[in-house]
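Q: Have a look at this one before I ask anything.
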Amino acid sequence: MKGRDVADKKQSLKIGISGVRGVIGDSLSPQLLVSFAEAFGSYVRGGKVLVATDTRTSKDMVKNAVFAGLLSSGCEPVDLGICPVPTILIRTKYAAASGGIAITASHNPSQWNALKFVNKNGLFLNANQAEELLDVYHQREFYKCANSDMKKIRKDDGAIDFHMEKVLCRIDVDRIRSRKFKVAVDCCNGAASLVSPAFLERLGCRVIPVNVEPNGIFPHDPEPIPANLKQISEVIRSKKADIGFVQDADADRLAVVDENGDPIGEEYTLVMAVDHILGKKKGPVVTNLSATRAIDDIAENHGCKVIRTRIGEINVVENIIEKKAVIGGEGNGGVIWPAVHPCRDSFSGMGIILEYLSGSDLKISGIARNLPSYHMVKGKTYCETAKAHLVVRKFKDLYRKDKPVLLDGVKVDFEGHWVHVRPSNTEPIIRVIVEARTRKIAEQAYKKTMKDLAYLLKRS
Amino acid sequence: MQPLKIDISGVRGVVGETLLPEMIVNFACAYGTYMKSGKIGIGYDTRASREMVKSAVLSGLISTGCDIVDFGICPTPIIQYMTRHLKLKGAIAITASHNDSNWNALKFIKSDGTFLNFYEGEELLDIYHQGEFFKAAWDRLGRVSEYDDAIDIYMGRLCRYLQPGKIRAKKLKVAVDNCNGAGGRATKVLMDKLGCKLVLINEEITGVFSHDPEPTAANMEQLSSVVRPIKADVGFMLDADVDRVAVCTEKGVPLSEEYTFALLADYILSKKRGPVVTNLSTSMMLDDIAGKYGVKLVRTKIGQAYIIEQMISEKGVISGEGSGSVAVGDFQHASDGFLAMGLILKMLAEKKKKVSQLAEMLPRYYMVKRKIKCSPEVMYSAIEKVQDYYKAENIDLTDGIKVAWKDHWLHIRASNTEPLVRVLAESTSKEKAEELCDTAVDRIKAAI
């Protein structure tokens with residue numbers, strides 16, 4: 001087998017700190033799901049547990065397995081139906097619940113599904129909590145509820161409205177409404193399909209919905225990167241929309257397309273959000289090591305500091321809370337606005353960006369053009385998991401003089417560019433990200449890095 | 001060892017002890033694999049564990065690519081009827097029937113509305129034990145649809161069958177103890193269609209039964225206390241999924257559950273002659289009734305599947321058990337409490353006699369039933385040890401030990417559904433029946 005095949009095979013089931021993820025009809029069986037739900041029910045020791053799904057075709061199979069496990073472990077499942085991931089996170093915090101389970105494989109293709117576990121504060125389990133849950137799962141001594149104590153499944157139809165209100169009450173709805181924006185939105189037939197058009201209408205937008213059938217059959221790869229945005233680009237051009245939004249299947253990430261149909265790049269969703277929020281309220285910004293340097297430039301303009309964290313949403317979220325950040329997120333289009341809730345939320349993202357646009361004389365392309373310009377190159381090289389850490393350590397030695405940051409892999413900041421090299425947690429690869437002022441420098445630096453790694457690989 | 005029974009009756013266990021969601025998912029996957037996709041019905045009784053069991057069953061069936069028709073809270077005979085009516089591939093009834101509310105169970109039904117027979121049950125168990133279930137791909141998973149009209153459709157059909165003109169004319173008053181089971185709504189529809197005035201007790205869905213749901217004379221205390229004051233013509237006690245019924249007379253006297261089948265066998269045979277099928281433990285009344293009409297009586301092992309299978313192959317007109325279950329070949333091949341209630345009401349209307357009078361007309365025997373709690377791992381060997389005592393007699397080993405003498409018989413067997421040894425004796429004299437039972441119980445206890 002070639003490296004890629006091995007990687008795919010190894011990847012068909014992943015049980016880790018971000019939950020359990022697998023392929024339907026293959027590794028993600030109802031038996032496994034029931035056991036995980038029982039483990040979670042035992043871990044939170046009963047009480048209400050909110051359950052939501054995205055639109056995947058496997059949602060009913062997974063959801064019923066989760067219900068069976070939760071009921072059996074003495075919990076009261078609360079069925080939120082199909083709803084975005086930020087919605088269940090927010091609802092869990094305010095519902096006096098013990099926790100929640102989000103059934104979604106986020107940006108993975110249709111045949112995948114996953115369970116993501118939420119604590120009572122509406123945050124994904126952190127590394128320690130996830131370890132505890134995994135211990136309960138592996139020990140397999142789940143709480144077993146008797147018939148007389150068994151709870152019923154409750155329905156909760158109010159979670160989406162609750163989430164929308166939380167966003168709307170924090171933005172200038174009247175000003176946005178007065179602009180009567182024409183907005184195209186591509187929900188990728190995901191969890192936002194029934195939510196985003198209504199949300200944008202409440203902001204007085206004329207909405208052009210694209211892929212809003214909540215059937216879980218994704219019309220394109222649901223990762224909101226420029227390669228997957230062709231369809232909305234054409235719609236924007238033909239319908240002359242002011243702006244286009246693209247959400248992933250569980251609506252935590254957001255990409256923006258300008259009025260010409262050109263993708264702004266998912267890295268810049270957070271940059272725009274940071275610029276706008278710091279303009280309203282000063283405070284720390286939190287993002288991970290790999291996000292663009294444009295964020296540092298913007299924060300500096302506003303006289304604010306940027307705190308960099310390890311990769312992984314929960315690391316960003318925990319730092320946002322600890323450092324009392326006013327805005328934060330990830331370069332993959334994940335905007336976190338703690339005023340609403342410390343989680344990636346594409347609705348917060350849309351609200352912030354529309355508010356930004358409504359207060360500006362520029363079109364969205366003009367706003368994007370005024371942001372500090374960087375070019376990023378992302379890539380990977382195959383490397384056995386056992387060797388990956390060794391190679392990355394040697395890479396650090398190679399650049400010892402340049403004061404590498406060792407928070408997560410190795411990040412080296414040079415004058416005009418930076419390089420981030422990190423072994424993947426999930427695949428036998430080393431990820432490489434390079435960013436520079438110009439494409440040429442970025443590509444040169446990327447080539448140099450790959451050459452370094454190839455050399456180190458051979459010597460390891 | 002905690003109680004769990006996996007056998008021809010399906011899989012039965014105590015929720016929170018042995019009947020756990022992983023196992024239910026595995027059984028649903030095994031059944032879905034066995035059925036090779038297609039539409040599968042599901043229905044359940046009112047136990048609090050119903051949502052847990054149902055969710056596990058749904059998840060398993062969906063994963064094997066079966067589409068599901070969900071009948072909701074629904075008595076087993078109605079699920080069986082609808083399986084045939086809607087031409088489903090099969091169905092799963094989620095009910096531990098007459099067991100206490102802390103139990104639950106899966107009963108597997110095939111396309112003709114009957115339960116899996118012994119060999120089919122074995123095939124299903126093989127798939128379950130092998131653990132290699134069919135896994136449908138993400139775009140071939142089953143879908144769930146809810147079906148709300150089952151009770152109305154079934155009752156329409158039952159009433160056409162009963163031709164209830166005479167019942168309606170009598171305006172009978174009926175007391176029914178629903179025992180907080182699945183039969184409440186359907187009973188109301190039935191009595192309304194039959195023009196009967198209904199007093200329904202223990203109607204509420206509480207998830208935990210207010211008394212032992214086994215329809216026996218001993219469990220009819222509450223019903224019998226209601227019948228007289230309200231001047232009901234008859235009282236019926238249902239179990240949780242309405243496959244069994246026991247009868248209480250207009251005087252408030254609970255009849256032994258043996259009478260439900262005996263009364264109806266006598267009535268049905270008076271209209272249509274043909275073979276009668278029952279099990280080894282059912283009263284000698286049936287031998288007398290079959291003799292009276294000159295028809296064949298076939299006795300089988302204990303278990304609805306055995307009886308129904310014999311009924312089909314023998315073209316029986318009626319079958320039933322002393323536990324209060326009755327099936328009539330013309331209507332459907334399933335034990336059906338609604339049919340039994342309807343026919344008893346029709347009998348009252350036609351014969352112009354009281355229930356107590358009809359019961360008195362049947363031959364009189366005394367039956368004694370005992371249960372001995374027994375761990376499953378010693379149950380069968382204990383029964384085998386006791387066999388020696390009865391070697392010299394007329395002994396039948398089809399299902400446990402049945403010994404028959406001229407005026408009495410004794411039956412010792414392992415329960416299909418609970419960790420119990422059952423001892424039954426029947427005789428023309430009460431003392432003899434008790435003596436037979438007492439001796440057998442002592443011998444079993446000694447063997448354990």
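Q: Calculate one ³J(HN,Hα) per residue across region B:402-419 by plugging θ = phi - 60° into the Karplus curve 6.51 cos²θ - 1.76 cosθ + 1.60, and present them in order as whole Hz with x for glycine and proline.
A: Once θ is set to phi - 60°, the couplings for region B:402-419 become 10, 10, 10, 10, 5, 10, 7, 8, 9, 9, 10, 8, 7, 5, 6, 10, 9, x Hz.
Q: Give me the distance between the Cα centres of region A:284-360 and region B:329-360, rounded to whole Å.
A: Using only Cα atoms, the two centres lie 75 Å from each other.
Q: Give the long-range amide H neighbours of residue B:177: residues separated by 5 or more places, or on another chain, with amide H under 5 Å away, using H modelled in the peptide plane at 1.01 Å from N.
A: It is B:201, B:236, B:237, B:238, by chain and number.
Q: Give the residue from A:158, A:454, A:22 lying farthest towards the positive end of the charge dipole for chain A; charges sit on Cβ (+1 for Lys and Arg, -1 for Asp and Glu) and the dipole is referred to the Cα centre.
A: A:454
Q: Check the straight Cα-Cα distances from residue A:440 and name the aspartates and glutamates below 20 Å, setting aside those fewer than 8 residues away within the same chain.
A: A:267, A:413, A:415, A:452
Q: In whole Hz, with x marking every Gly and Pro, tabulate ³J(HN,Hα) for region B:104-113 from phi via Karplus 6.51 cos²θ - 1.76 cosθ + 1.60, θ = phi - 60°.
A: Along region B:104-113, the couplings run 8, 7, 10, 10, 9, 10, 9, 4, 7, x Hz.
Q: Charges on Cβ only, +1 for Lys and Arg, -1 for Asp and Glu, centred on the Cα centroid of region B:263-303; of B:300, B:275, B:286, which one is farthest towards the dipole's positive end?
A: B:275
Q: What distance in nm separates the two pseudo spin-label positions at residue B:120 and residue B:429, each 7 Å out from Cα along the beta-carbon direction?
A: Modelled inter-label distance: 4.7 nm.
Q: Now a separate question. If a/c stays under 1.5 just call it rounded; otherwise compare a/b with b/c (prolate if a/b is bigger, oblate if not). Do that for chain A, with a ≥ b ≥ c from the square roots of the Cα gyration tensor eigenvalues.
A: Here chain A falls in the oblate category.
Q: I need the shape label for region B:4-148. Rule: rounded when a/c is under 1.5, else prolate if a/b > b/c, else oblate, with a, b, c from the alpha carbon gyration tensor.
A: Since a/c stays below 1.5, the shape of region B:4-148 is classed as rounded.
Q: Another question, then. Quote the relative contact order of region A:21-149 in percent (integer), defining contacts as alpha-carbon pairs under 8 Å separated by 6+ residues.
A: 32
Q: Can I ask one more? For a quick check: with amide H placed at 1.01 Å from N, whose amide H comes under 5 Å from residue B:245's, ignoring anything fewer than 5 positions away on the same chain?
A: Hits under the 5 Å cutoff: B:325.
Q: Then there is this: Going by Cα centres, region A:19-89 and region B:204-237 are how many Å apart?
A: 40
Q: What share of all Cα pairs of region B:152-360, in percent, falls into each consecutive 10 Å distance bin?
A: 9, 38, 38, 14, 1
Q: Something else about it: Roughly how crowded by other chains is peptide B:132-144, in terms of the mean Cβ count from those chains within 10 Å of each of its Cβ atoms?
A: Across B:132-144, the average partner-chain Cβ count within 10 Å equals 5.
Q: Also, I was wondering about something else. For residue A:324, list the lysines whose Cα falls under 16 Å from its own Cα; do not include residues on the same chain fewer than 8 positions away.
A: The qualifying lysines are A:280, A:281, A:282, A:305.
Q: Taking each residue of A:18-29 in turn, how many C-beta atoms of other protein chains fall within 10 Å of its C-beta, and what is the average?
A: 3
Q: Would you kindly state how much longer the chain becomes between residue A:370 and residue A:440 on full extension, computed as 0.36 nm times their sequence separation minus their alpha carbon distance, in nm to one decimal?
A: 23.1 nm is the gain from fully extending residue A:370 to residue A:440.
Q: Which residues' amide hydrogens lie under 5 Å from the amide hydrogen of residue B:302, considering only partners 5 or more residues apart or on another chain, with H built in the peptide plane?
A: Residues meeting the amide H criterion: B:280.
Q: Which helices, counted as full DSSP H runs in chain A, have an axial Cα extent of no less than 27 Å and a Kyte-Doolittle average of -1.0 or above?
A: Taking the DSSP H segments of chain A (at least 27 Å long, mean hydropathy at least -1.0), we get A:439-459.
Q: Find, among the trypsin sites (Lys or Arg not before Pro) in region B:82-128, those assigned to loop by DSSP (not H, G, I, E, B) with at most 16 other beta-carbon atoms within 10 angstrom.
A: Counting only loop positions with at most 16 other Cβ atoms within 10 Å, the trypsin sites (Lys or Arg not before Pro) in region B:82-128 are B:87.
Q: What do you get for GluC sites (Glu not before Pro) in region A:122-178 restricted to DSSP loop and a cutoff of at most 12 other Cβ within 10 Å of the site's Cβ?
A: Filter output for region A:122-178: A:141.
Q: Hey, which lysines would be in cross-link range of residue B:39, C-alpha to C-alpha under 28 Å, not counting anything within fewer than 8 residues on its own chain?
A: In chain and number order, the partners are A:59, A:63, A:152, A:155, B:5, B:54, B:87, B:89, B:107, B:110, B:135.
Q: Under the definition of Cα pairs under 8 Å and six or more residues apart, what whole-number percent is the relative contact order of chain A?
A: 12
Q: How high is the FRET efficiency between residue A:458 and residue A:127 when r is their beta carbon distance and R₀ equals 30 Å, given to the nearest 0.05?
A: 0.35
Q: Here is a further query. How large is ³J(HN,Hα), in whole Hz, for each residue of region A:194-203 in order, when computed from phi with the Karplus curve 6.51 cos²θ - 1.76 cosθ + 1.60 and θ = phi - 60°, using x for Gly and Pro?
A: Each residue of region A:194-203 in turn: 9, 10, 4, x, 5, 4, 5, 5, 5, 8 Hz.
Q: While we're looking at this one, here's another question. May I ask which of B:170/B:354; B:369/B:445; A:166/A:240; A:14/A:151 have a Cα-Cα span longer than 22 Å here?
A: Checking Cα-Cα distances, A:166/A:240; A:14/A:151 exceed 22 Å.
Q: So, one more: Please compute the contact order of chain B in relative form: average sequence separation of alpha-carbon pairs under 8 Å and at least six residues apart, divided by the residue count, as a percent.
A: Contact order relative to length: 13 percent.
Q: Which helices, taking whole DSSP H runs in chain B, have alpha carbons extending 20 angstrom or more along the helix axis plus mean Kyte-Doolittle at least 1.0?
A: Sorted by number, the helices that extend far enough and score high enough are B:337-351.
Q: In addition: Given R₀ = 25 Å, what would the calculated FRET efficiency be for residue A:45 paired with residue B:148, taking r from the Cβ atoms and rounding to 0.05?
A: Efficiency at R0 = 25 Å is approximately 0.10.
Q: Averaged over peptide A:56-62, how many Cβ atoms belonging to another chain are found within 10 Å of each residue's Cβ?
A: The mean count of partner-chain Cβ atoms within 10 Å per residue comes to 6.
Q: With a Förster radius of 22 Å, plug the Cβ-Cβ distance of residue B:222 and residue B:356 into 1/(1 + (r/R0)^6) and report the FRET value to the nearest 0.05.
A: According to the calculation, E is roughly 0.70.
Read-outs: derived from the displayed coordinates by stated rules, not from any lab. The structure presented is a predicted model; accordingly, all values stated were derived computationally and were not measured. Neighbour counts run over all protein chains shown; Cβ positions are idealised from the backbone, glycine included.
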